[in-house]
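Take a look at the structure set out below.
The values are calculated or read from the model by the stated rules, or taken from the named source; none is laboratory data. Given the structure is predicted, the values throughout are model-derived calculations rather than measurements. Cβ atoms come from the backbone with ideal geometry, glycine included; neighbour counts cover every protein chain shown.
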Amino acid sequence: MAELGKSNRRWMYGAVVAGVVTGISALVQMTIIALIVHRGVGEAVPVRELSPLFLGLLAAVCVRALGQGMQTRMAARCSEHVRCDVRRQIHQHWNASGPVALGHFSAGELAREWLDHVEALHGYYARFLPQLLLALIIPSLILILVFTLDWLAALLLLLSAPLIPLFMALVGMGAEKLNQQHFQTISRLSGQFLDKVRGLTTLQLFGQTDAAASVLATRSDAYRRITMKTLRIAFLSSAVLEFFASMAIAVIAIYIGFGLLGYITFGPADELTLFSGLLILLLAPEFFQPLRTLSQHYHDRASALGAGAEILSRMNRLGRGSPRGGHDGQREDKPQDSVLLGAVGLCYRQEQPIFSDLSLSFEKGDCIALTGPSGGGKSSLLHLLAGFVVPDEGSISVFGKPPGSFSFGWLGQTGFLVQGSWADNLRLTRPDASDIAIETALTNAGLRPLLESRDAGIHSQVSEDGQGLSGGQARRLSLARIFVADYDLILLDEPTAGLDTDSEVHVIEALHKLAEAGKTLIFSTHHQALLTLANRVLLVSDGELRDA
Amino acid sequence: MHELAPWLRLIFQRWGRLSVGGLLLLITLLSGMGLLALSGWFITETALAGLLLAAGAQASINLYTPGGGIRLFALTRTVGRYLERVYNHDTVLRQLSDIRTRLFRQLAATPRSHRRGLSGAQWLSRLTRDVDALDTLYLRLIAPTALAVVVSLLMVLLALILFDTRIALWLGLLLGIALLYSTIGTLARTRQTSRRLSDGEERLRTHIIEHLEGFAELTAAGRTGKHAAWLMRQAHGFAKEQAKVDRRLGWNQALTHLLINLAAIVVLWAGFGLFQSGQISGPVLVLLPIALLGLAEVYAVLPEAFGKFGATEASANRLNQDSLDAPGEGTIQATEPPNGTALVATELGVRYDDCPPIFMHFNLTVARGEHLGLVGHSGSGKSTLADALAGLSPAFQGDIARLPTSYLTQSTVLFEDTLKANLLVGDPEASDTQLWRVLELVELAERFASEPDQLETWLGSSGSRLSGGEARRIALARVLLSPAPLLILDEPFTGVDSPTRGRICKNLRYWLKGKAVIALGHGPDALPDTDRVIHLIA
């Protein structure tokens, strides 16, 4: 966790300092109240003479409020920094691990980490960490003050002090348990609910929604009962904290009362006055308050630790994925107009090399089709050429440069679109594209008829959440991006797989246009029409490569 | 505010539990305040008596009543706290269950066209964050506010009894300001931002998912960095706004606390006047200000709760939108077709959302027992047509009359549950023998007979891994199990290899005898045996 928030110590200590100021002004406030009562009631001083004390009291509560406000201000700033920082770190990891490694995880899950898990860190940095220090500092200050007033009373408080770590452990265990239980219940119930919602249409079709609702209700009731069993024990910890706090106050009050009456003949009790007695009483709740606040923030810690652990473990897993960057291919002697693979070796797992000693060369402007059984390494070869993965051995140079060091076109098996207009979608990879260029590109991808049915042309929405586009249309949208950006190198992974005939025709036609324009095309396919389009067909099988 | 109304009604259905929980909270709070106030009174009383005793005067003091009171408060505080926590959390969990069930029923009553377009991730955030905002509404917001009002009134009453009307009025004024400031004041300062933040988070989630889904394309185009920077700018703005809300909350909290402290100071100052004119005793003078200091405990939670109010409203709003309060059936009820026919569609017009119509003036009559094939390439709109025929989505013109229908949708939907539970959706009354028979039909009986749990085999991510074809066949089995006299099957054999498909077709010949079947597919070979085939040309 320290790793995630190391750059923000300054603000956190600021929050602690403000918290200490708040704590000290609370001590001053209580001291003045006790003094006022002592002089006004005990010594019957006229109220006018107490005015300076009242003014001091006013000042103390004002400073207290100021400190309190400053504390949250600093804490908010601290957590703002942490959140931005962690999100940036996550982005760096994503970028470093590349699309292939990232593709192994669900986008929704990664997005949840980037958004919700980082959000969960807030309470930890803004509340828990400063409070942890304050829970040490403020009770110590109070103890010192009480000690100067009456050492026996201080001893009473101190006796509960060794119990404080015990409290903490109890509270901690309780809170952690509570939190785990809560999250488990929530996520289990969410899972069930989500499952039912996803299949709602099916349930509606079979008229089973009522039955499903009853099942949901009974299951969540069963979970509630199990959870409550644990909670009954977990809440004992807060009862224990409350018990010690109230008992300490009660015992101190009675000790002081008897002491003031002179009934206690031992210890410092005969030196007690109304002032010191009242002050000790007023300080007792302040002694326990930081602990109580800490226990309230304990669930912040638990959820932040959970979230942080997941973020870090994801970062580690991604980090191991495939180190990218650090190419050594910047030598001048690489030919500028060809693609070269020299003795390339790649293996994801130790025992199963994908490629070993693979060599290949072809010219700029070639149209290469990769074919072969699935799992034979077609996609891996494309990933190598794209620079999405780095070979374990050998070297690759694309037009004299390391792969992935310049922009190129990529068409995966799923089209990708963002909420927004057609123009927004095409400008995603080419922000400076003109309206005319965009229209031409869409025409080239065979989307003209669809576009003409929309009122605002390229400025109309590509139907929100993509529902209005079929898979084939979405892929053609991606293809249009390639047209508009005018790349020299275009890599396509099964460009026609799973397409309807209409889209298939358009995709093949579009690829034909690209090949004619002298672009270098490399694609994996089983499709006959595409195989004939290529001027070289390579059979990729079991990590071997040969011309077909 | 109005978006919360249906949820508040739901929450207050459990008013009995809510009042008991509130009472426990009140007891806990009052015990804490009473403990300190009584102790203050006791110490002052004994100090004064001690002075008299020291001066050699006679003084009698009842030690047992206040001592007992102090011990009692310490006890009720501890027990009250424990009971309050257990009881109120139980209530929260019950409300969670209420809200989910209600949400599900609402969704179930909403036609599909109204709830399209939410991804799994969005649903998850609805279910965790948005429902959470509602199920803690009572414990975070309603209970503390009610508590603050009640205890403040009690304090004013106490001031009226122990002190005088003037001080009671002053106290009432100060506490009233503190109450308004911490609740409505916070609301006014944070509502808009908090609402905006809550909606902004949804947008940010969509953007980040898009970023991840297009990661390969963006990387190829060399745009990941730029796109990530754009996202980071948004996230930064988001965090800044959040920090602003946090700061405002912090100041509101501090000022509320200040007002409470001021109330205590004013009462102490004014009380001295009464004390010196002999109207009240010293111990009584001390009692009220100390009790007031304890008020901070309940007031402290108010600003935070009201600071989240805007977000809570936004959550409720989103949940309301997902499930429009349009009471009705999820599917469209159809009229009975004329004798001898299973389905009659006249002048049907079908379109997807607001896209141009796919079919116009579509007429179709299917006789009872007839097996009809509808063939069209993918993208020809046959699934949209199937949805309309099955009554899943409305046709924008024309009429459909049909017998009760069982419909296999194009997408395969299985639940995270046992095989048996998944099949029983088709016919809840079916016996195990019937289930095995229908599994035999789709050539899965052997597969599951060899599983240790047989019909109780758990399907889904945590259970037995099914291939796409196996899942499809289970979905088909479920539809076959249904007693409905009309079956609509959209691409029944997706992912099923052709030998298996052939065997299933043969099995079905007998089973489907007497039932009307409309089977849709991209080619005649993707369909079970048919009496006639219609080719769709969009």
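Residue-by-condition table, conditions (1) at pLDDT 75 or above; (2) more than 30 Å from A:His297 (Cβ to Cβ); (3) at the interface with chain B (Cβ under 7 Å from one of its Cβ atoms):
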{"position": "A:Glu176", "(1), (2), (3)": "no, no, no"}
{"position": "A:Gln180", "(1), (2), (3)": "no, no, no"}
{"position": "A:Thr185", "(1), (2), (3)": "no, no, no"}
{"position": "A:Val197", "(1), (2), (3)": "yes, yes, yes"}
{"position": "A:Arg225", "(1), (2), (3)": "yes, no, no"}
{"position": "A:Arg232", "(1), (2), (3)": "yes, no, yes"}
{"position": "A:Phe243", "(1), (2), (3)": "yes, no, yes"}
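Name every residue in region B:207-241 that is in contact (Cβ under 8 Å) with a residue 24 or more places away in the chain, more than 7 Å from every other protein chain (Cβ to nearest Cβ) and under 26 Å from A:His383 (Cα atoms), in order of residue number.
Result: B:His207, B:Leu231.
Give the number of residues within region A:429-446 that are in a loop (DSSP other than H, G, I, E, B), surrounded by fewer than 23 Cβ atoms within 10 Å (Cβ to Cβ) and touching a Leu at 6+ places or on another chain (Cβ under 9 Å).
Residues flagged as in a loop (DSSP other than H, G, I, E, B), surrounded by fewer than 23 Cβ atoms within 10 Å (Cβ to Cβ) and touching a Leu at 6+ places or on another chain (Cβ under 9 Å) within region A:429-446 amount to 2.
Return the total of residues in region A:435-473 being more than 13 Å from A:Ser421 (Cα to Cα) and modelled with pLDDT of 80 or more.
Qualifying residue count, region A:435-473: 10.
Taking the stated definitions as given, is A:Ser524 surrounded by 23 or more Cβ atoms within 10 Å (Cβ to Cβ), in contact with a helix residue (DSSP H, G or I) (Cβ under 7 Å, 6 or more places away or on another chain), of a type in the set (Ser, Thr, Tyr) and at pLDDT 85 or above?
Here the answer is yes, as A:Ser524 does meet what is asked.
Scan region B:242-254 and give yes if some residue there is outside any helix (DSSP H, G or I) and either more than 8 Å from chain A (Cβ to nearest Cβ) or farther than 30 Å from A:His38 by Cα (or both), otherwise no.
no
Return the residue satisfying two criteria in turn: it lies in region B:282-300 and is touching a residue at least 60 places away in the same chain (Cβ under 8 Å) and part of a loop (DSSP other than H, G, I, E, B), and of such residues it is surrounded by the most Cβ atoms within 10 Å (Cβ to Cβ).
B:Leu295
Would you be able to say whether some residue in region A:310-319 is outside any helix (DSSP H, G or I) and out of contact with any Pro (no Cβ under 7 Å at 6 or more places or on another chain)?
Scanning region A:310-319, I find no residue that is outside any helix (DSSP H, G or I) and out of contact with any Pro (no Cβ under 7 Å at 6 or more places or on another chain), so the answer is no.
Filter region B:415-434 for residues that are under 13 Å from B:Thr457 (Cα atoms) and touching a residue at least 24 places away in the same chain (Cβ under 8 Å) and give the result.
The answer is B:Phe415, B:Glu416, B:Asp417, B:Thr418, B:Leu419, B:Lys420, B:Asn422, B:Leu423.
In region B:144-185, how many residues are among the polar types (S, T, N, Q) and surrounded by 22 or more Cβ atoms within 10 Å (Cβ to Cβ)?
Residues meeting the conditions: 3.
Could you look through region B:407-440, keep only residues that are small (Gly, Ala, Ser) and under 11 Å from B:Arg478 (Cα atoms), and pick out the one that is nearest to the other protein chains (Cβ to nearest Cβ)?
Per the criteria, the residue is B:Gly426.
Can you name the number of the only condition in (1) more than 7 Å from chain A (Cβ to nearest Cβ); (2) touching a residue at least 12 places away in the same chain (Cβ under 8 Å); (3) surrounded by fewer than 23 Cβ atoms within 10 Å (Cβ to Cβ); (4) over 32 Å from the mean Cα position of the chain (by Cα) that B:Ile260 fails?
(3)
Can A:Gly67 be described as at the interface with chain B (Cβ under 9 Å from one of its Cβ atoms) and either touching a Leu at 6+ places or on another chain (Cβ under 8 Å) or of a type in the set (Val, Ile, Thr) (or both)?
Taking the combined requirement at face value, the residue does not satisfy it.
Quick check: anything in region A:204-220 more than 8 Å from chain B (Cβ to nearest Cβ), over 30 Å from B:Leu408 (Cβ atoms) and in a helix (DSSP H, G or I)?
No.
In the list A:Leu121, A:Leu157, A:Leu189, A:Leu143, which residue meets the criterion of being over 25 Å from A:Leu282 (Cβ atoms) and modelled with pLDDT of 70 or more?
Going through A:Leu121, A:Leu157, A:Leu189, A:Leu143 in turn, the sole match is A:Leu121.
In this structure, is B:Arg71 crowded, with 21+ Cβ neighbours inside 10 Å, touching a helix residue (DSSP H, G or I) at 6+ places or on another chain (Cβ under 9 Å) and of a type outside the set (A, V, I, L, M, F, W, C)?
Against the criterion (crowded, with 21+ Cβ neighbours inside 10 Å, touching a helix residue (DSSP H, G or I) at 6+ places or on another chain (Cβ under 9 Å) and of a type outside the set (A, V, I, L, M, F, W, C)), B:Arg71 does not qualify.
Among the residues of region B:285-312, which ones are within 13 Å of another protein chain (Cβ to nearest Cβ) and in contact with a Ser or Thr (Cβ under 6 Å, 6 or more places away or on another chain)?
Of everything in region B:285-312, those that are within 13 Å of another protein chain (Cβ to nearest Cβ) and in contact with a Ser or Thr (Cβ under 6 Å, 6 or more places away or on another chain) turn out to be B:Val286, B:Tyr299, B:Pro303, B:Gly307, B:Ala311.
Just give me the residues in region A:253-281 being surrounded by 24 or more Cβ atoms within 10 Å (Cβ to Cβ) and more than 7 Å from every other protein chain (Cβ to nearest Cβ), in sequence order.
Result: A:Gly259, A:Leu272, A:Leu279, A:Ile280.
Among the candidates B:Leu180, B:Leu174, B:Leu158, B:Leu204, single out the residue that is part of a helix (DSSP H, G or I), within 14 Å of chain A (Cβ to nearest Cβ) and over 26 Å from the mean Cα position of the chain (by Cα).
B:Leu174
Mind checking whether some residue in region A:53-60 is modelled with pLDDT of 90 or more, within 46 Å of the chain's Cα centre (by Cα), within 10 Å of another protein chain (Cβ to nearest Cβ) and buried (at least 20 other Cβ atoms within 10 Å of the Cβ)?
Looking through region A:53-60, at least one residue is modelled with pLDDT of 90 or more, within 46 Å of the chain's Cα centre (by Cα), within 10 Å of another protein chain (Cβ to nearest Cβ) and buried (at least 20 other Cβ atoms within 10 Å of the Cβ).
If a residue counts only when it is at pLDDT below 75 and touching a Ser or Thr at 6+ places or on another chain (Cβ under 9 Å), which strands (runs of 3 or more DSSP E) contained entirely in region B:454-538 have at least 1 such residues?
Counting at least 1 such residues, we get no strands (runs of 3 or more DSSP E) at all.
Name every residue in region B:369-393 that is farther than 20 Å from B:His535 by Cβ and within 14 Å of chain A (Cβ to nearest Cβ), in order of residue number.
B:Ala390, B:Gly391, B:Leu392, B:Ser393
Please indicate, with yes or no, whether at least one residue in region A:260-269 is part of a helix (DSSP H, G or I), touching a residue at least 12 places away in the same chain (Cβ under 8 Å), among the aliphatic types (A, V, I, L, M) and within 16 Å of A:Leu143 (Cα to Cα).
Checked region A:260-269: no residue is part of a helix (DSSP H, G or I), touching a residue at least 12 places away in the same chain (Cβ under 8 Å), among the aliphatic types (A, V, I, L, M) and within 16 Å of A:Leu143 (Cα to Cα).
More than 15 Å from A:Ile311 (Cα to Cα) and modelled with pLDDT of 85 or more: does that describe A:Arg83?
Answer is no for this residue.
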